[in-house]
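Engineer: First the structure, which I've put down as structure tokens, then a few questions once you've had a look.
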Amino acid sequence: MNSTRISHAGYFDSPEFLSLVLHINTIISTPIHLFGFYCIIWKTPIAMKSAKLYLLNLHIWVVLFDYSLSTLTIPFLLLPHFAVYTLGVFSWFHVPYWFQITMIFFFFANMVVSIVTIFESRFYTVCQFAWKPYWKRWRKVGITIYHVVYSCLVIPFVFLAPDQETAIRSVFAKLPRLPQYIYEANIYVLCEDYTYHLFSLVAILISAFVMVFSFSILLMWNAVVQLKSRTMSQKTFQLQKSFLISLGIQILIPVCTFALPGIYLWISILVDYYDQSLNHFTVCLFSIHGFLSSMVMTLVHRPYREALFSFFSKKASTRSNENSTRRFARFNHAVSVGVIAT
């Protein structure tokens, strides 16, 4: 233990704070997730039918990633070292840490794949090109391989974990003096040399960005070509353009919640900086991705937005009718009492 520096522990550094925030996030996001499933399954119009399964696939992976972080694990990170102990449901049942950590990365990787596949589906559905029959033949195989490759990039994390007793001593020696409950916790060190881990995550994100960007450019370019050649109507073009913009907003805004904690994580590792409260805020920002993804999806797509507004307007109308009925009943009662008294 490095006793020359002392970590001043406050409420924001505590496991109680982290658990509270992530439990609140779960409570708030659950009805939003459920409403998202409702919208995709029952409120997706015929014009969006070709994207329905891909939207559902994306939403499933988003929800799985959200619950894996906010409910099942609740990771107490000790950045800048890849050391952690968990506070979630799995910790109650003593689920092995290697499984918990790998599960988070597995859901994250497949969530990224689902983002790429939804843009690929729009490219395949809208674009017209000579080699489309070949694309049709191999696209499902390619998507499956894509899921397998990304999953295989994170699964080796399990086998790269160091000897835990030695690694934990090394981590504690490099950190300032910590609260006693951290020393007494069941710490798990994912790695000491995180070159492969960072390389894998950066490769996943960069390759996904390149593919999403490429599909978007090709989609818009091909749609413009079809519009000019009059093989696509102006109305269809506007619908596709509107859907692509909505899809971009649906992906971009939640992804921004990864940017700030990702930057802090990178800086923390580079300069070997430890601050437990900032570590907690990093986890909290990661955890709100699911909530924002479901909320933005509901708001940016017009059919889902109308379903949401209709739900609240019906609820308000029902409440208003109930109040009117009560007032009318009280009025009738008062009139009846007045007549009897007379």
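Taken together, the values in this text are just the output of simple stated rules run on the coordinates, not laboratory data. Because the structure is predicted, anything quoted here is derived from the model rather than measured. Here the Cβ is made from the backbone with ideal geometry for all residues, glycine too, and neighbour counts use every protein chain on show.
Engineer: Starting from the 7 Å offset along Cα-to-Cβ, what nm value, one decimal, do you get for the label separation of TRP135 and ALA173?
Structural biologist: 5.6
Engineer: Taking the Cα centre of the chain as origin and charging only Cβ (+1 Lys, Arg; -1 Asp, Glu), how large is the dipole, in debye to the nearest 20?
Structural biologist: Roughly 2300 debye, rounded to the nearest 20.
Engineer: Right, here's the next one. Measure up LYS52/LYS140; LYS52/LYS136; LYS136/LYS241; LYS49/LYS241; LYS49/LYS228; LYS140/LYS228 against 21 Å on the Cα-Cα distance and list the ones that go over.
Structural biologist: Violating the 21 Å Cα-Cα cut-off are LYS136/LYS241; LYS49/LYS228; LYS140/LYS228.
Engineer: Assuming 0.36 nm per residue, please report the length gained on full extension of the stretch SER233 to LEU260 beyond their Cα-Cα distance.
Structural biologist: My answer for the length gained is 5.6 nm.
Engineer: Quick check: the distance between the Cα centres of the stretch 8-69 and the stretch 83-113, to the nearest angstrom?
Structural biologist: Using only Cα atoms to place each centre, the spacing works out to 16 Å.
Engineer: At most 14 other Cβ atoms within 10 Å plus a DSSP loop assignment makes a site exposed; report the longest stretch of the chain without any exposed chymotrypsin sites (Phe, Trp or Tyr not before Pro).
Structural biologist: Answer from the scan: 160-272.
Engineer: As an exercise, use a Förster radius of 25 Å and the Cβ-Cβ distance of ILE217 and LYS49 to find the FRET efficiency, rounded to the nearest 0.05.
Structural biologist: Details: r = 25 Å, r/R0 = 0.99.
Rounded to the nearest 0.05, the efficiency is 0.50.
Engineer: Which of these, THR298, THR257, THR195, has the largest mean-square fluctuation under a Gaussian network model of the chain (Cα springs below 10 Å)?
Structural biologist: Most flexible of the set in this elastic network: THR195.
Engineer: Moving to a separate point now. Of the listed values (i) 5, 20, 26, 23, 15, 8, 2, 0; (ii) 5, 21, 26, 19, 13, 8, 4, 2, 1, 0; (iii) 5, 24, 32, 24, 12, 3, 0, grab the one calculated as P(r) over Cα pairs in 10 Å bins from 0, in percent from the structure here.
Structural biologist: Here the calculated entry is (ii).
Engineer: Also: Compute the length gained on full extension between PHE159 and GLN180: take 0.36 nm times their separation in residues and subtract their Cα-Cα distance, giving the result in nm to one decimal.
Structural biologist: Numbers: separation 21, 0.36 × 21 = 7.56 nm, distance 2.96 nm.
Between PHE159 and GLN180, full extension yields 4.6 nm more.
Engineer: Let me know the longest stretch in the chain that avoids all trypsin sites (Lys or Arg not before Pro) found in a DSSP loop with at most 11 other C-beta atoms within 10 Å. Intermediate results must be reported in sequence, preceding the final value.
Structural biologist: On the way: sites that count: ARG5, ARG230.
Between exposed loop sites, the widest span is 6-229.
Engineer: Just tell me, in residue order, which DSSP H segments of the chain are both 20 angstrom or longer along the helix axis (alpha-carbon based) and at least 1.0 in mean Kyte-Doolittle hydropathy. Intermediate results must be reported in sequence, preceding the final value.
Structural biologist: Details: long enough: 15-42 (40 Å, 1.25); 49-67 (28 Å, 0.75); 97-126 (44 Å, 1.26); 132-154 (33 Å, -0.04); 195-228 (49 Å, 1.69); 234-271 (54 Å, 1.25); 302-341 (57 Å, -0.53).
Those that pass (Cα extent of 20 Å or more, hydropathy at least 1.0) are 15-42, 97-126, 195-228, 234-271.
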